[in-house]
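The values are calculated or read from the model by the stated rules, or taken from the named source; none is laboratory data. These figures come from a predicted structure and were not determined experimentally. Virtual Cβ from ideal backbone geometry, glycine too; neighbours counted across all protein chains shown.
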Amino acid sequence: MHDQDRVQRIARQHAETSRLMGVDFLPVGAERASGAQNAEPSTEIEVRTAPAPKEASDRERRQALLDQLRDRHASDCPHCTRSTTHSKLVFGEGAADARLMFVGEAPGAEEDRTGRPFVGRAGELLDKMIRAMGLEREEVYIANVLKCRPPNNATPTLEEASRCGPYLLEQIRVIRPEAIVTLGKPASQLLLESKETMGAMRGSWREYQGVPLMPTFHPAYLLRAYTDENRAKVWSDLQQVMERLGLGR
Ligand code: URA
């Protein structure tokens with residue numbers, strides 16, 4: 001399938017997700033991209049509505065959308081479908097209606113083997129961080145910028161992130177968490193469209209599409225530089241998130 005066909009198919013599918021989600025705001029340009037070959041990009045916004053299925057709970061409805069997105073990703077992702085070095089896709093996991101979402105970088109060896117995010121050493125530390133916040137892993141949602149393991153665990157390139165990233169953005173749209181914690185530079189830079197360093201980004205509230213976003217150090221970085229200072233910084237970032245979500249009171 002050509003890249004243009006792929007992009008149009010993804011745009012069509014994104015529009016369908018929006019329709020299934022009920023009221024949403026769609027850039028008209030994106031809609032047109034799904035139907036017309038040479039449509040001009042537009043900044044106009046239109047409101048679309050669709051009745052939500054009554055019988056399904058909110059969480060089930062979101063989970064069904066995530067399942068659809070996972071299938072689409074498996075067959076369409078312009079990055080992952082071309083990568084030949086991974087064994088399992090790691091789409092993400094957790095509560096479809098989570099109040100808090102963590103976004104990491106890309107699967108490592110253990111994640112590639114199991115198909116689950118953050119289950120290696122960095123994952124053990126993330127689990128501790130989550131528990132320290134008074135939450136269980138099952139209550140949050142955990143995803144990555146890239147959903148397949150890069151060769152040699154390389155940091156995702158901008159091109160890779162821009163190809164696989166749209167699926168993460170759609171996961172966020174479906175889950176609509178009350179806050180996002182980005183773990184490390186690739187996730188923070190992608191969602192904030194920023195080129196700032198982690199040192200500059202971490203520790204203060206930012207925003208992604210109206211969702212409060214707290215950038216903090218990646219647990220793998222913390223494991224490499226496990227100093228009192230870095231631990232205190234991460235804990236202070238997480239405490240700000242706890243404060244905002246009313247956790248641990
Ligand atoms: N495991 C993941 O799933 N993501 C990371 O960024 C690191 C380890």
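When the range 203-225 is filtered for residues that are among the aliphatic types (A, V, I, L, M) and under 10 Å from residue 180 (Cα atoms), the ones remaining, listed by number, are 211, 213, 214. Determine whether the range 117-134 contains at least one residue that is within 10 Å of the ligand (Cβ to nearest atom) and more than 27 Å from residue 231 (Cβ to Cβ). Within the range 117-134, not a single residue is within 10 Å of the ligand (Cβ to nearest atom) and more than 27 Å from residue 231 (Cβ to Cβ).
Strands (runs of 3 or more DSSP E) fully within the range 11-127 that include at least 2 residues being small (Gly, Ala, Ser), modelled with pLDDT of 50 or more and within 30 Å of residue 198 (Cβ to Cβ): none found. Taking every residue in the range 137-156 that is free of Cβ contacts under 8 Å to residues at least 60 places away in the same chain and among the hydroxyl-bearing types (Ser, Thr, Tyr) and pairing it with any residue that is away from the ligand (no atom under 13 Å from the Cβ) and part of a helix (DSSP H, G or I), at least 6 positions away or on another chain, the pairs with Cβ-Cβ distances below 8 Å are 141/171; 141/175.
With respect to residue 213, is the statement that it is over 16 Å from the mean Cα position of the chain (by Cα) and either aliphatic (A, V, I, L, M) or modelled with pLDDT under 95 (or both) true? Spelling it out, it is not the case that residue 213 is over 16 Å from the mean Cα position of the chain (by Cα) and either aliphatic (A, V, I, L, M) or modelled with pLDDT under 95 (or both). Consider residue 165 carefully, then state whether it is touching a Lys or Arg at 6+ places or on another chain (Cβ under 8 Å) and within 15 Å of the ligand (Cβ to nearest atom). For residue 165, the condition - touching a Lys or Arg at 6+ places or on another chain (Cβ under 8 Å) and within 15 Å of the ligand (Cβ to nearest atom) - is not met. Go through the range 168-195 and give me each residue that's among the small types (Gly, Ala, Ser), touching a residue at least 60 places away in the same chain (Cβ under 8 Å) and more than 16 Å from the ligand (Cβ to nearest atom). Within the range 168-195, 179 is the sole residue that qualifies. Within the range 78-97, if we keep just the residues that are away from the ligand (no atom under 16 Å from the Cβ) and not β-branched (Val, Ile, Thr), the residue that is nearest to residue 124 (Cα to Cα) turns out to be 95.
Of the residues in the range 147-170, at least one is over 19 Å from the mean Cα position of the chain (by Cα) and either surrounded by 14 or more Cβ atoms within 10 Å (Cβ to Cβ) or farther than 21 Å from residue 127 by Cα (or both).
Note on the range 165-226: enclosed helices (runs of 4 or more DSSP H) holding 3 or more residues that are out of contact with any helix residue (DSSP H, G or I) (no Cβ under 7 Å at 6 or more places or on another chain) are 185-192.
Considering the range 140-162, and only residues there that are in a helix (DSSP H, G or I) and of a type outside the set (A, V, I, L, M), the residue that is nearest to the ligand (Cβ to nearest atom) turns out to be 153.
Residues in the range 190-213 that are more than 22 Å from residue 232 (Cβ to Cβ) and surrounded by fewer than 21 Cβ atoms within 10 Å (Cβ to Cβ): 192, 193, 194, 195, 207, 208, 209, 210, 211. Among the residues making up the range 119-136, those that are touching a residue at least 40 places away in the same chain (Cβ under 8 Å) and surrounded by 15 or more Cβ atoms within 10 Å (Cβ to Cβ) are 122, 123, 125, 126, 129, 133, 135. When you check residue 233 against the structure, is it of a type in the set (Lys, Arg), without any contact (Cβ under 8 Å) to a residue 40 or more places away in the chain, over 23 Å from residue 80 (Cα atoms) and part of a helix (DSSP H, G or I), yes or no? Yes. So is residue 204 within 16 Å of the ligand (Cβ to nearest atom) and of a type in the set (Gly, Ala, Ser) or not? For residue 204, the condition - within 16 Å of the ligand (Cβ to nearest atom) and of a type in the set (Gly, Ala, Ser) - is not met.
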